[in-house]
Amino acid sequence: MSTKRAYKGRSGAELHLDGVETDVVAQWNSHRDRVVVQLRSYFDENARFLRIDAYRVRRSEHRGSRLVSKDPEISVPVTDGLGDVTIRVAVGGKSWRKGMAPYSRTVRLSPTGTAYDAETGAKLPSDL
């Protein structure tokens, strides 16, 4: 199958960190020169902290004892519209407090619709 036919322009993975169920979702724009990545917790009651980092861009949300009300999102330029992007997500669950190191994971997202653990190379589950 050619790369052109395999291109979906969207990728995602289900992640479970510190008792919080999240999805990381990447969407390439129509020019394939920018990708928007979002870490979604769907108002998980255990989520106290969410952060996403890629290419020197970082966004985070924390709410202490309240629910995280907004899913962090970043937009980063890409030079290869068919290449993967690597991002780092960090999640703090119910017992997380400001100043604590959150659980984190590095994920490689492909515009062909697949996602991989960047450290092990294992394919990650996705509901996309």
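Test of understanding: in a Gaussian network model of the chain with alpha carbons linked when under 10 Å, which of Leu109, Leu50, Leu82 would top the mean-square fluctuation ranking?
Among Leu109, Leu50, Leu82, the largest GNM mean-square fluctuation belongs to Leu82.
Please report, in whole Å³, the volume per residue of the convex hull around the C-alpha atoms of the chain.
Considering the Cα atoms of the chain, their hull volume per residue is 102 Å³.
Can you tell me which of 34-43, 118-127 comes out highest on packing, and rank the rest after it, using the mean Cβ neighbours within 10 Å?
34-43, 118-127
Counting only protein heavy atoms and using a 1.4 Å probe, what share of the accessible area of the chain belongs to carbon plus sulfur, as a whole percent?
47
Please state the equivalent ellipsoid semi-axes for region 73-122: what are the square roots of 5 times the Cα gyration tensor eigenvalues, largest first, in whole Å?
The answer is 26, 13, 8 Å, longest axis first.
Would you work out the relative contact order for region 4-57, in percent, from Cα pairs under 8 angstrom that are 6 or more residues apart?
25
Could you list log10 I(q)/I(0) for region 1-50 at q = 0.19, 0.25, 0.28, 0.32 Å⁻¹, which the Debye formula gives when each Cα is one point scatterer?
Per q value, in the given order, log10 I(q)/I(0) is -0.69, -0.90, -1.02, -1.18.
The values are calculated or read from the model by the stated rules, or taken from the named source; none is laboratory data. Predicted, not measured: the structure shown is a model, and the values here were computed from it. Here the Cβ is made from the backbone with ideal geometry for all residues, glycine too, and neighbour counts use every protein chain on show. Calculation scope for accessible area: heavy atoms of the full protein, side chains included, ligands and nucleic acids excluded. Shrake-Rupley method; radii C 1.70, N 1.55, O 1.52, S 1.80 Å.
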